[in-house]
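The structure appears below as structure tokens.
The values are calculated or read from the model by the stated rules, or taken from the named source; none is laboratory data. Here the structure is a predicted model, which is why all the values come from computation and not from measurement. Here the Cβ positions follow ideal geometry from the backbone for every residue, glycine too, while neighbour counts run over all protein chains shown.
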Amino acid sequence: MPSLFQQIKAGQIWDFHGGIHPPARKKLTSQAAVAKMPLPDRLYIPLRQHIGVAGKILVKAGDLVLKGQALTGADNAMAIPVHAPTSGKVLSIEPYPSAHPSALPEPTLVLQPDGLDQWRPRHALDYLHTDRAHLLARIQQAGIAGMGGAGFPTHIKSGASTGVDYLIVNAVECEPYISADDVLMQHEAATIVRGIDILCKLLNPKAVLIGIEDDKPLAIAAMQQACSGKSDYLVRVVPAKYPSGGEKQLIQLLTSKEVPNGRRPLDIGIVMQNVGTVFAIAQAVEDDIPLISRIVTVVGQTLQHSQNVRALIGTPVGALLDLCGFAPEPQQRVIMGGPMMGFTLPTLQIPLVKTTNCIIAPTRHELPAAGPEMDCIRCGACAEVCPAVLLPQQLVWYAKAKDYDQLKSYNLADCIECGACAYVCPSEIPLVQYYRVAKAEIRELAREELKAEQAKARFEARNERLERDKQLRAERNQALAAQRQSMLAEQQKQQIIAAQQRLEQSDQPALSKEQIIAERERKKAEARAYQAAKAETVTDTVPAADQPAADPRAAAVAAAIARAKAKKQADAAPVTETVPATEPDADDATTADPRKAAVAAAIARAKAKKLAETAAEPAVAEPEPQKEPDPAETDPRKAAVAAAIARAKAKKLAETAAEPAVTEPEPQKEPEHAETDPRKAAVAAAIARAKAKKLAEQAGTSATPTEISTPESAEPAAPAAAIVDPAAVKQAAIAAAIARAKARQQPPPTEPEQPS
Ligand code: SF4
Ligand code: SF4
């Protein structure tokens, strides 16, 4: 059995599942000359026209640029620069409707052509004498991306160095109406072959397969002519069937290989490039012409001249249509791309981009709009035509339900959005639109998940970094602490050594432990002696009279005690000394003597003074030695003053207490006041009783012994001359009784009457 390569070399063609055969309608443009689009008034150049990121902007508004000058720079692998399609002036860089079904604004450079169409300097490369890196760099700097519609960066796709078995040039162009590649092959076959030569140098494949549909006889002939000298360049004609131009479908057609789900053609040793891309590679390497123009099919029954036009990138669609004699209908539809995979433009201001291969301006009859959507009848026609072997009816069901997990499990990602299912659907369900929306939502979710994962990774990396820093700090601190300890230990060691050396040099024997203790005790004793001397010095600074009052609190207490004693003595003095004056005993006549009373008062004062002094002495003579004096009371002068005041008060109190006894000699009783003063009345009564007793004794000398039964009868009898008259005795007895009665009528004395 021949090998695969032998089968391919023998010209065998395979088939793929499904597919449809819509009307081609290519002859409207495929056999006409390629027109050249004149310079428009404005060129609108989107800064990103490929799958990847926009390059860094290199110009600003007001700059004059030359044809082919880079407007953005390729600062990373996924960036593709854009170039000035002609010379002119940069008017602005602003948001402008994008070449997308949504027409969402995107950053766009607005260029005003100057009409000179002046090129920048160009540097051609001889690819045979240029290494791969320079060739790839030239391809990237020329801004070449897949021109078949995908827009993938060509330099990446062409960078595979090993494992490429087949290079497939996609010249199928299976969609109806489109003939741009057809005419390109008709007119630029030789350049295309040189482009294949460059790619072969980069990829080094076993063979080059150029796939062309059988409805392009002129292109087939031109390419066979151009490849006549290349035994490994195999032009393969495939039956016209939509979507034969799909990457996976064409690979299967030409090699019988199927690209596994989620894998790339390179994984099975195949690289595919669009024929227009190959032509652009050749121009970029050989002539240093970046991708600034392309052939676009402008077709439709609303146009006077349907034709292929070589137009500059950035040309507004409206300008292209005007060039072809556009006569729009009411509610005219203009489609960018083919009728199967293209989209209706929201506005004719949208510019031509690198992936634009067709503009269709059909009449309503020519391409009627889709009718109202109806329910799926489960006819299965969509599954029969699906080239990716999917279940379109299931996909649309889950797309409507937004069940993304089920969409993934039904391999929505393998859908090439060919539109074959919608083309055959009897219910006119816009299946592809549902798939596109679902894919966009899944992509958005994937982006969000990626962001979350990246944020989580950053968070975890930050935590790890913080933990690592913390650990490093701890280790560093530990090392520093150990270093400090070792330094201290070394210092101590050096100090000990130095001390020992000093001892050795001083010729003195080292002190023993007992000597050290004795020395310490000696120093302590010296300190105590110093403290004692200091205390004595403080005491000596106090005046001699006030020295005992070193402790003011003790002196104050002693003074208070002295005052209390003095008061007590003073209180006691009137009682003991004045009683004889107020209640004189009839038998002690001396108590009523004022001189005696004065003497007694003097004695009392002397006693009180002595008591006060005695009470004050301990406070003066016995300061508390252990008690630490209060700072406010350690002032010896203040303490001495306070003690002196205390002593003066005590002395005054003592004198005050003694005064009544001294200054109150018993006054002579006034007869007229005798009856009002109870004490005087008592004295009078006692005098009366004495007189009566005397009279009775005098009278008893003449009375009978029975009448003298009182104790007084034992007294010796009075002389006979003292005997008085009985009437007088009786009168005296009456007077005594009256005095006693008066005395009883007076209220008892409560306290001694104070002299005024
Ligand atoms: S659009 Fe997708 S689902 Fe429909 S036929 Fe094409 S590949 Fe299959
Ligand atoms: S072709 Fe349309 S109606 Fe038929 S199964 Fe598919 S989606 Fe349903």
Is there a residue in region 72-87 that is in contact with a strand residue (DSSP E or B) (Cβ under 9 Å, 6 or more places away or on another chain), farther than 26 Å from I281 by Cβ and at pLDDT 95 or above?
no
Tell me, please, whether a residue that is away from ligand 1 (no atom under 12 Å from the Cβ), closer than 30 Å to P339 by Cβ and surrounded by fewer than 18 Cβ atoms within 10 Å (Cβ to Cβ) can be found in region 458-479.
no
Contact list please: Cβ distance under 9 Å, first residue in region 383-401 and on the phi > 0 side of the Ramachandran plot and touching a residue at least 24 places away in the same chain (Cβ under 8 Å), second residue within 11 Å of ligand 2 (Cβ to nearest atom) and part of a helix (DSSP H, G or I), pairs at least six apart or on different chains.
V389/A383
Matching residues in region 129-165 - criterion: being assigned to a helix (DSSP H, G or I), among the small types (G, A, S) and farther than 23 Å from I292 by Cβ:
A133
Among the residues that make up region 265-277, is at least one of them of a type outside the set (A, V, I, L, M, F, W, C), without any contact (Cβ under 8 Å) to a residue 40 or more places away in the chain, more than 24 Å from M340 (Cβ to Cβ) and surrounded by fewer than 16 Cβ atoms within 10 Å (Cβ to Cβ)?
yes
I'd like to know if region 451-463 contains one or more residues that are away from ligand 2 (no atom under 16 Å from the Cβ), part of a helix (DSSP H, G or I) and polar (S, T, N, Q).
yes
Here the residues within region 169-182 that are crowded, with 24+ Cβ neighbours inside 10 Å and of a type outside the set (G, A, S) are V169, N170, V172, E173, C174, E175, Y177, I178, D181, D182
Hey, Q12 hits all of (1) surrounded by 17 or more Cβ atoms within 10 Å (Cβ to Cβ); (2) away from ligand 2 (no atom under 16 Å from the Cβ) but one; which does it fall short on?
(1)
Please go through region 412-436 and give me each residue that is more than 19 Å from P339 (Cα to Cα) and more than 16 Å from ligand 2 (Cβ to nearest atom), ordered by number.
A413, D414
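Yes or no, residue by residue, for (1) closer than 30 Å to I603 by Cβ; (2) at pLDDT 85 or above:
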{"site": "Q501", "(1), (2)": "no, yes"}
{"site": "A518", "(1), (2)": "no, yes"}
{"site": "E521", "(1), (2)": "no, yes"}
{"site": "V542", "(1), (2)": "no, no"}
{"site": "Q547", "(1), (2)": "no, no"}
{"site": "A555", "(1), (2)": "yes, no"}
{"site": "A562", "(1), (2)": "yes, no"}
Of the residues in region 426-438 that are surrounded by 17 or more Cβ atoms within 10 Å (Cβ to Cβ) and more than 9 Å from ligand 1 (Cβ to nearest atom), the one that is farthest from G246 (Cα to Cα) is S427
Which residues, taken from region 366-411, are of a type in the set (D, E, K, R) and away from ligand 2 (no atom under 14 Å from the Cβ)?
E366, K402, D403, D405, K408
Taking first residues from region 134-149 that are within 21 Å of P243 (Cβ to Cβ) and touching a residue at least 24 places away in the same chain (Cβ under 8 Å) and second residues anywhere that are surrounded by fewer than 23 Cβ atoms within 10 Å (Cβ to Cβ) and among the aromatic types (F, W, Y), the pairs with Cβ under 6 Å that are 6 or more apart or on different chains are G146/F152
Please work out which residue is farthest from F279 (Cα to Cα), limiting yourself to region 138-193 and to residues that are polar (S, T, N, Q), more than 50 Å from the chain's Cα centre (by Cα) and at pLDDT 95 or above.
S179
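Yes/no per residue for (1) surrounded by 12 or more Cβ atoms within 10 Å (Cβ to Cβ); (2) at pLDDT below 95:
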| site | (1), (2) |
| --- | --- |
| C379 | yes, no |
| C382 | yes, no |
| P387 | yes, no |
| L395 | yes, no |
| I416 | yes, yes |
| R447 | no, yes |
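Rundown of residues vs (1) in a helix (DSSP H, G or I); (2) touching a Phe, Trp or Tyr at 6+ places or on another chain (Cβ under 9 Å), yes/no style:
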{"residue": "R236", "(1), (2)": "no, no"}
{"residue": "L254", "(1), (2)": "yes, yes"}
{"residue": "P260", "(1), (2)": "no, no"}
{"residue": "R263", "(1), (2)": "no, no"}
{"residue": "F279", "(1), (2)": "yes, no"}
{"residue": "L291", "(1), (2)": "no, no"}
Pairs only if they're at least six apart or on different chains, beta carbon under 8 angstrom, first in region 417-443 and among the hydroxyl-bearing types (S, T, Y), second more than 8 Å from ligand 2 (Cβ to nearest atom) and assigned to a helix (DSSP H, G or I); list them, first residue then second.
Y423/V385; Y434/L395; Y434/A399; Y434/K400; Y435/L395; Y435/A399; Y435/L412
Within region 263-284, restricting to residues that are small (G, A, S) and out of contact with any helix residue (DSSP H, G or I) (no Cβ under 7 Å at 6 or more places or on another chain), the one that is nearest to ligand 1 (Cβ to nearest atom) is G269
Condition met for Y177 (in contact with a Pro (Cβ under 9 Å, 6 or more places away or on another chain), of a type outside the set (V, I, T) and under 21 Å from V271 (Cα atoms)):
no
Would you check if there is a residue in region 191-205 being part of a helix (DSSP H, G or I), closer than 30 Å to Y423 by Cα and among the hydrophobic types (A, V, I, L, M, F, W, C)?
no
